[in-house]
1. Of all residues being within 14 Å of the ligand (Cβ to nearest atom), in contact (Cβ under 8 Å) with a residue 60 or more places away in the chain and out of contact with any Pro (no Cβ under 7 Å at 6 or more places or on another chain) in the range 189-208, which is nearest to N139 (Cα to Cα)? Just the residue, please.
2. Could you tell me whether any residue of the range 7-16 is open to solvent by less than 10 Å² (accessible area, probe 1.4 Å), under 25 Å from V250 (Cα atoms) and not in a loop (DSSP other than H, G, I, E, B)?
3. In the range 217-236, is there at least one residue being open to solvent by 50 Å² or more (accessible area, probe 1.4 Å), in the same structural domain as D258 (by TED's automatic domain parsing), away from the ligand (no atom under 13 Å from the Cβ) and not in a loop (DSSP other than H, G, I, E, B)?
4. Specify which of the listed residues (R371, R352, R379) is away from the ligand (no atom under 16 Å from the Cβ), within 20 Å of E323 (Cα to Cα), touching a residue at least 24 places away in the same chain (Cβ under 8 Å) and open to solvent by 60 Å² or more (accessible area, probe 1.4 Å).
5. Taking the range 156-174 only, how many residues are in a loop (DSSP other than H, G, I, E, B), open to solvent by less than 70 Å² (accessible area, probe 1.4 Å) and more than 14 Å from the ligand (Cβ to nearest atom)?
6. When both residues are 6+ apart or on different chains and their Cβ atoms are under 6 Å apart, which pairs have a first residue that lies in the range 28-51 and is closer than 25 Å to T76 by Cβ and within 15 Å of the ligand (Cβ to nearest atom), and a second that is open to solvent by 10 Å² or more (accessible area, probe 1.4 Å) and β-branched (V, I, T)?
7. Looking at M22 and the list (1) more than 15 Å from the ligand (Cβ to nearest atom); (2) open to solvent by 30 Å² or more (accessible area, probe 1.4 Å); (3) in contact (Cβ under 8 Å) with a residue 60 or more places away in the chain, which single condition is not satisfied?
8. For the range 74-94, give me the residue count where each residue is within 11 Å of the ligand (Cβ to nearest atom) and either hydroxyl-bearing (S, T, Y) or not in a strand (DSSP E or B) (or both).
Amino acid sequence: MLSRQISQQLIEEETPFYLYDMGLLRQTLESLTSEANKYGYKVHYAIKANFDPRILEEIHKFGLGIDCASGNELRTAIEAGFAPKTIVYAGVGKRDKELRYAIEQDILSINCESIQELGIIDELAREQGRVTDVCLRINPDIDPRTHHCIDTGQADSKFGIPYEEVKEHIDWIKGLKNVRIIGLHLHIGSQIRELHVFESMCRKVNSIYADMVKRGFDLRMVDCGGGLGINYDVPENEPIPNFASLFSIVHNHLDVGDAEVHFEFGRSIVAQCGELITRVLFNKTTATGRKLLIVDGSMTELIRPALYGSYHNIENVTAQDEENTAKYTIVGTACESTDVFDQNVSLPVTKRGDLLAIKSAGAYGMSMASRYNLHDLPRAVYRT
Ligand SMILES: Cc1ncc(COP(=O)(O)O)c(C=O)c1O
């Protein structure tokens, strides 16, 4: 990865920081857009994955829209130059002021997650004398075969509306004067590596779509969400995710007539472009014999390992003597015992001052950073 190639340039930088490989980001966007164009698919970037302004600028140049999950994400996207008619907005708990703003901006679609929310959108749109475009986010009850903390499409999940409930309210929905139901939205989970689950999703969508059309709805879009997984284990083997496979599955299994097909990718666009670079502060051995590397980064810069036990491959980018290795537990500075980046990591013998790269950290890294322990938010360093 990039940090290894330019380790000498990084040594003087103040750590910790995110290193972004803008060249890899562009290659990823080239691959994504050329594969999507083969089928006329529309792609939105899930801004929650990383809202760094330089990253947004690059994504904007490739003509993607935005998927947002809050009023502030929506505002950030608009300020970054994304046209409101390329923005979709999902979220189980949209505040009234956030909905008012989305309605006022006349975005492509508010992706509605409950029947009660639909009534509120109608009411708020009426206040503005508008008819607002809405997709219904359906909970399809599909196991996406991913980490349980990031699945979003199973029956007991807080996300989306069961189609049975939509059917129970069909007449009421049809009677709403200030919302226009323009499509369906699904997002079944994140870091999905078993792509066959998208076949099941397509089959569910086909039957729901057909039923709604039969009931008189004029649906012009189906938003298939995001979720495409990346290779965290050996990122070098797959720096650009396999967009082609996912699109070909959807092309072969989705049957929604002339409706536009949309996607909302976050992780697969930005994860491999980012590394968290952190410096070893101390070596320490516990009374039980565990060798610790205490680094100057922590869960406040990258919370995923502490939050979900997520794995990130870690490399020593300054000491590269592969003959002489040891096994380390890599811990951060925060006052929490869960602030552990990984255990039993085999690295060249590592000492104070060495730089470590925590790889595949471009998604849900910086955007989840916090100021716990009054840490500064991490800086970004870009290489083209
Ligand atoms: C509604 C919605 N769309 C898209 C995404 C992006 O998912 P991913 O980063 O897995 O592509 C998310 C992520 O949580 C989401 O909640």
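The values are calculated or read from the model by the stated rules, or taken from the named source; none is laboratory data. The structure displayed is predicted, hence computed values, not measured ones. Note: ideal-geometry Cβ built from the backbone for every residue, glycine included; neighbour counts use all protein chains shown. To get the accessible areas, we keep the full protein, side chains included, count just its heavy atoms, and leave off ligands, DNA and RNA. Shrake-Rupley method; radii C 1.70, N 1.55, O 1.52, S 1.80 Å.
1. Restricting to residues being within 14 Å of the ligand (Cβ to nearest atom), in contact (Cβ under 8 Å) with a residue 60 or more places away in the chain and out of contact with any Pro (no Cβ under 7 Å at 6 or more places or on another chain), the top hit is S190.
2. no
3. Yes: the range 217-236 contains one or more residues that are open to solvent by 50 Å² or more (accessible area, probe 1.4 Å), in the same structural domain as D258 (by TED's automatic domain parsing), away from the ligand (no atom under 13 Å from the Cβ) and not in a loop (DSSP other than H, G, I, E, B).
4. Of the residues listed, the single one that is away from the ligand (no atom under 16 Å from the Cβ), within 20 Å of E323 (Cα to Cα), touching a residue at least 24 places away in the same chain (Cβ under 8 Å) and open to solvent by 60 Å² or more (accessible area, probe 1.4 Å) is R352.
5. Looking only at that region, the number is 1.
6. That search, which allows pairs on different chains as well, returns T28/I240; A36/V43; Y41/V261; F51/T76.
7. The single condition M22 does not satisfy is (2).
8. Number satisfying all stated conditions: 4.
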